[in-house]
Each structure stands twice: as structure tokens, then as C-alpha cells.
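Shown next, in C-alpha cells, is the structure this report addresses.
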Amino acid sequence: MSNDFKVSKNGTALIITLGRSLVTTNAPELQEELASFVGETIEKVVFDASELMALSSSGLRVIYFAKQRLGDKPEIVFVNCAKEIY
């Protein structure tokens, strides 16, 4: 499986566009990419879940990592999220 996500930075916000899944096979890659932003000023992390259909505990750990390790505990936002995932 390819990484199935895209990360971009817009000012002090990180925008993560998720693919169809954030699970054990690709969550470590996303966490590694997010780790490259540790030490930068990140005030908000936006997860665009337009296509997300599966989220495992590994995916939840990545979200927790973003909250605890990026910036000074940035705001975490999910947009375009199916009610089952939310």
C-alpha cells in the first residue's frame, strides 16, 4: 500500500489529506512524515477525511502523536468526516 495521504503546511497549520484508510500498513509512514515537523510552530492540524473509510488504533496513535508532539499541543480538526469515523 502506498502512503495514501498527503501532508502540506499552510502558515502554522498542517493539512493532512487522508486516503481511504489510516491503518497499520500506512500509519507509521504518516507519523514519520509528521515527525519532520517537530520543533516547528504548528498551531492547528487539519485532517481532511473526505475519502477515509477505515481508521485503526494505529491511525488513532498518529492523531495522538500530532496532538502531543507537534507545536504546543495544536488544535486537531477533522473535516469532511463520515459520521462512522467521527
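Within segment 3-18, can you find the residues that are over 11 Å from the mean Cα position of the chain (by Cα) and either closer than 12 Å to ALA66 by Cα or crowded, with 16+ Cβ neighbours inside 10 Å (or both)?
Hits for segment 3-18 are ASP4, ALA13.
Within segment 28-86, take every residue that is farther than 19 Å from ASP4 by Cβ and of a type in the set (Gly, Ala, Ser) and give me the one that is least open to solvent (accessible area, probe 1.4 Å).
Of everything passing the filter in segment 28-86, GLY71 is least open to solvent (accessible area, probe 1.4 Å).
The values are calculated or read from the model by the stated rules, or taken from the named source; none is laboratory data. Just so it is clear, the structure is predicted and the values come from calculations on it, not from any experiment. Don't worry about glycine lacking a Cβ; one is built from the backbone with ideal geometry, like all the others, and counts go over all protein chains shown. Keep in mind that these areas ignore ligands, DNA and RNA; they rest on the heavy atoms of the full protein, side chains included. Shrake-Rupley method; radii C 1.70, N 1.55, O 1.52, S 1.80 Å.
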